[in-house]
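As structure tokens, the structure follows; a few thoughts come after it.
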Amino acid sequence: MTRATRVLAASAALAAGLAACSAAEPAPESSTPAAEDWSPVTIEHALGTTTIESRPERVATVSWANHEVPLALGIVPVGMAAANFGDDDGDGLLPWVEEALTELDAQAPVLFDETDGIDFEAVADTAPDVILAAYSGLTQEDYDTLSEIAPVVAYPETAWGTSWRDMIELNSAGLGMAEEGAALVAELEEEIADAAAAAPQLAGTSAMFLTHVDTTDLSEVSFYTTHDTRAMFFEDLGLTVPPSVAELSAQTDRFALTHSAEQADAFDDVDLIVTYGGEELVAALEADPLLSQMPAVANGAIVSLPGDGPLGTAANPTPLSISWVLEDYVALLAQAADAGA
């Protein structure tokens with residue numbers, strides 16, 4: 001039995017009567033526990049306060065990965081964002097989402113094309129009772145527009161800075177399934193702890209996640225701050241935040257920053273680097289007279305993830321992707337940590 005199957009079974013036991021249905025059917029409805037058990041839910045977030053007066057029967061989600069919370073809890077949304085990064089077969093669904101739909105014996109719901117931002121008309125067409133967006137970059141204008149359609153669960157503090165735990169907590173609360181959400185968090189924490197324990201070389205190793213590296217111009221270094229979920233996930237796995245990254249992150253609420261390569265010596269405290277790219281990128285870093293002096297580069301302690309595939313996508317942890325990628329990701333990190341030791 002897979003982790004997703006165990007979670008679905010536990011959710012069914014906690015909330016009898018859960019039944020998923022596909023949005024491909026006429027007038028689809030995403031089933032949630034019995035309405036008579038509902039008490040109004042009020043959720044405070046960065047863009048306001050949302051009160052959900054009655055149990056939502058039709059759940060829509062926007063932005064990255066929010067749909068994974070209802071899916072993990074046995075609910076198929078009536079509409080959700082299509083994957084626009086890491087989609088290996090072009091169907092708008094990442095593999096762990098496809099697996100969840102298969103386990104629920106459900107077809108894919110309506111997929112919103114968010115290439116140019118939120119498709120408000122498409123969301124409205126699904127007639128949702130609630131819109132989940134706990135992990136998102138919604139503007140106040142986006143939030144206000146969506147709120148005219150249905151109550152919206154937005155991010156708690158920082159745009160694109162919601163941890164996977166908070167994503168589950170907020171979105172499950174919006175479904176009236178806070179208890180089930182807490183159980184899901186606990187199970188994932190146990191799974192992550194077991195994986196980290198099996199790779200003791202990660203403990204105390206400082207890690208930095210480089211992003212948008214241009215091999216034709218290495219005059220600048222861009223990296224994810226501690227406000228980004230990729231960097232947050234390092235700490236879940238026993239890795240530490242380099243003081244240099246922590247100091248720069250404390251000066252902003254942005255999820256990424258850019259630093260001059262001439263100041264690459266500021267990152268002398270980085271033991272391990274994770275980035276998106278292939279052998280060409282690693283070779284470029286090793287050949288650069290400035291960046292090659294960073295300990296992680298000099299020691300070959302680099303994890304280079306495919307930016308256009310599921311593995312690279314799952315480095316940004318989400319409720320369903322964590323189990324799907326954990327073993328492979330930890331193995332790559334451990335290999336890099338050994339190289340830098």
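Here are some notes:
- Test: Glu280 is without any contact (Cβ under 8 Å) to a residue 12 or more places away in the chain, charged (D, E, K, R) and within 30 Å of Trp64 (Cα to Cα): no
- Residue match in segment 77-92 (condition: at pLDDT 95 or above and closer than 20 Å to Leu184 by Cβ): yes
- Positions within segment 151-164 being under 14 Å from Pro56 (Cα atoms) and buried (at least 22 other Cβ atoms within 10 Å of the Cβ), in sequence order: Val152, Val153
- Checking each residue of segment 109-124 against the condition of being touching a helix residue (DSSP H, G or I) at 6+ places or on another chain (Cβ under 8 Å), assigned to a helix (DSSP H, G or I) and surrounded by 18 or more Cβ atoms within 10 Å (Cβ to Cβ) gives at least one match.
- Ser222, sole failed condition from (1) under 19 Å from the mean Cα position of the chain (by Cα); (2) in a strand (DSSP E or B); (3) among the polar types (S, T, N, Q): (1)
- Failed condition for Asp269, given (1) part of a helix (DSSP H, G or I); (2) over 24 Å from the mean Cα position of the chain (by Cα); (3) among the charged types (D, E, K, R): (1)
- Of all residues in segment 89-110, those that are farther than 20 Å from Ser63 by Cβ have Cβ atoms under 8 Å from Cβ atoms of residues that are outside any loop (DSSP other than H, G, I, E, B) and of a type in the set (Phe, Trp, Tyr), 6 or more apart or on another chain, in Glu99/Trp324.
Quick grid of which residues meet (1) in a loop (DSSP other than H, G, I, E, B); (2) modelled with pLDDT of 95 or more; (3) within 28 Å of Leu170 (Cβ to Cβ); (4) among the β-branched types (Val, Ile, Thr):
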| position | (1), (2), (3), (4) |
| --- | --- |
| Leu248 | no, no, yes, no |
| Thr252 | yes, no, yes, yes |
| Leu257 | no, no, yes, no |
| Glu262 | no, no, no, no |
| Val282 | no, no, no, yes |
| Glu286 | no, no, no, no |
| Ser304 | no, no, no, no |
| Leu332 | no, yes, no, no |
| Ala336 | no, yes, no, no |
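- Gly176 passes every criterion in (1) small (Gly, Ala, Ser); (2) under 21 Å from Pro242 (Cα atoms); (3) outside any helix (DSSP H, G or I) apart from (2).
- Test: Ile131 is in a strand (DSSP E or B), in contact (Cβ under 8 Å) with a residue 60 or more places away in the chain and in the same structural domain as Leu47 (by TED's automatic domain parsing): yes
- Qualifying residue in segment 204-219 (condition: assigned to a helix (DSSP H, G or I), modelled with pLDDT under 95 and touching a helix residue (DSSP H, G or I) at 6+ places or on another chain (Cβ under 7 Å)): no
- If you go through segment 238-268 and keep only what is crowded, with 19+ Cβ neighbours inside 10 Å, under 27 Å from Pro200 (Cα atoms) and not polar (S, T, N, Q), you end up with Gly238, Leu239, Val241, Pro242, Val245, Phe267.
- If the condition is being farther than 30 Å from Ala82 by Cα and either surrounded by fewer than 23 Cβ atoms within 10 Å (Cβ to Cβ) or under 20 Å from the mean Cα position of the chain (by Cα) (or both), then segment 303-341 contributes Ala334, Gln335, Asp338, Ala339, Gly340, Ala341.
- Members of segment 47-72 found to be outside any helix (DSSP H, G or I), at negative phi and under 18 Å from the mean Cα position of the chain (by Cα), listed by number: Ala60, Thr61, Val62, Trp64, Asn66, His67
- Some residue of segment 165-175 being over 19 Å from Ala72 (Cβ atoms), surrounded by fewer than 20 Cβ atoms within 10 Å (Cβ to Cβ) and of a type outside the set (Ser, Thr, Tyr): no
- For beta carbons closer than 6 Å, sequence separation of 6+ or different chains, a first residue in segment 180-207 that is closer than 26 Å to Phe223 by Cβ and a second that is part of a helix (DSSP H, G or I) and of a type in the set (Phe, Trp, Tyr), the qualifying pairs are Ala207/Phe234.
The values are calculated or read from the model by the stated rules, or taken from the named source; none is laboratory data. Everything quoted here is computed from the prediction, not taken from an experiment. Using ideal geometry, Cβ is built from the backbone for each residue, glycine included, and neighbour counts are taken over all protein chains shown.
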